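In what follows, a structure is listed as structure tokens, so that the remarks can point back to it.
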Amino acid sequence: MKTDAAPALLPSLGRLFLYFTLLFVIVVIPAAAQITDPALRIGVMGGVVVAVTEANGNNPTPGFRALLRLEPGWMFRPEIGVGYFPYRDVHSVPDLLDVEGIAYPIDVRLVIAPTSLTSIDPYFFVGIGFTRYDAAKPGTALSPFNEHASLRGEYLHAPAGIGASIRIAGRLSLEIELANNFGFTDKLNPNLDGQIDNLWNGMIGLSYAIPVRTSR
């Protein structure tokens, strides 16, 4: 039986993004007033997403992420971001445990850059956030599909990974990241097996640093 829950997908996503944006603006940006020459770095990345769920197919799909990062001039750099991650996990036996869907991860991260080279800032990061998911294609009748599992909703996730910001020219940089969004839940695939579902992703893109204020 079809439901009318789909129209609520984007409004719900918008509310989550608004909450995190307000938190970022209220708590983080005012702290920049105490920092010499801070900058806000905005960026867009694209790459590959691999959903690790019940099917164990490890099927790559394209994904995208936008970020807003405060760079205060030291190693700790808070960041907020939102992603668009279509995912697909197909079993070696057709229609067994298969799933296709879309995930919208929104998170706040703490980027830690312990050292800075001439033009390269290697870093690692941890964070917390929410993922909105829509399992558009659950398993078929051949699969142990749980008819009581929700095909859309939200869950808590914790991103962790490594990356590098490589300065190209002036304030423009190349961003490279490898991350895993630990899901704390078994919701991405409605063929429930009690194991945590994860979203691995490798991203590459461009970012630009905007000065918040200029030192005197």
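The values are calculated or read from the model by the stated rules, or taken from the named source; none is laboratory data. Predicted, not measured: the structure shown is a model, and the values here were computed from it. Note: ideal-geometry Cβ built from the backbone for every residue, glycine included; neighbour counts use all protein chains shown.
Go through Ile128, Ile162 for me and flag whichever is modelled with pLDDT of 90 or more and farther than 17 Å from Asp186 by Cβ.
None of the other options fit; the residue is Ile162.
Using beta carbons and a limit of 7 Å, which pairs, at least six apart or on different chains, have the first residue in segment 47-63 and free of Cβ contacts under 8 Å to residues at least 40 places away in the same chain and the second one basic (Lys, Arg) and surrounded by fewer than 23 Cβ atoms within 10 Å (Cβ to Cβ)?
Here the result reads Asn59/Arg88; Thr61/Arg88, each pair linking segment 47-63 to a residue that is basic (Lys, Arg) and surrounded by fewer than 23 Cβ atoms within 10 Å (Cβ to Cβ).
Just the residues that are in contact with a Ser or Thr (Cβ under 7 Å, 6 or more places away or on another chain) and at pLDDT 95 or above, please, taken from segment 167-176.
Answer for segment 167-176, where residues must be in contact with a Ser or Thr (Cβ under 7 Å, 6 or more places away or on another chain) and at pLDDT 95 or above: Ser173, Glu175.
So if I check each of Phe182, Phe145, which one is surrounded by 15 or more Cβ atoms within 10 Å (Cβ to Cβ) and at pLDDT 85 or above?
Phe182
For segment 149-163, which positions are buried (at least 18 other Cβ atoms within 10 Å of the Cβ), farther than 14 Å from Leu110 by Cα and under 12 Å from the mean Cα position of the chain (by Cα)?
If the condition is that a residue be buried (at least 18 other Cβ atoms within 10 Å of the Cβ), farther than 14 Å from Leu110 by Cα and under 12 Å from the mean Cα position of the chain (by Cα), then His157 is the only one that fits.
Would it be correct to say that Lys187 is of a type in the set (Lys, Arg), modelled with pLDDT under 95 and under 17 Å from the mean Cα position of the chain (by Cα)?
Yes.
Output the qualifying pairs, or none if there are none: Cβ atoms under 7 angstrom, residues six or more apart or on different chains, first residue in segment 109-123 and among the aromatic types (Phe, Trp, Tyr), second residue in a loop (DSSP other than H, G, I, E, B) and surrounded by 12 or more Cβ atoms within 10 Å (Cβ to Cβ).
Tyr123/Ala113
Considering only residues that are assigned to a loop (DSSP other than H, G, I, E, B) and either at pLDDT below 75 or on the phi > 0 side of the Ramachandran plot (or both), which ones fall in segment 27-54?
Result: Ile35, Thr36, Asp37.
When you scan segment 70-81, do you find a residue that is in contact with a strand residue (DSSP E or B) (Cβ under 8 Å, 6 or more places away or on another chain), surrounded by fewer than 17 Cβ atoms within 10 Å (Cβ to Cβ), assigned to a strand (DSSP E or B) and at pLDDT below 95, even just one?
yes
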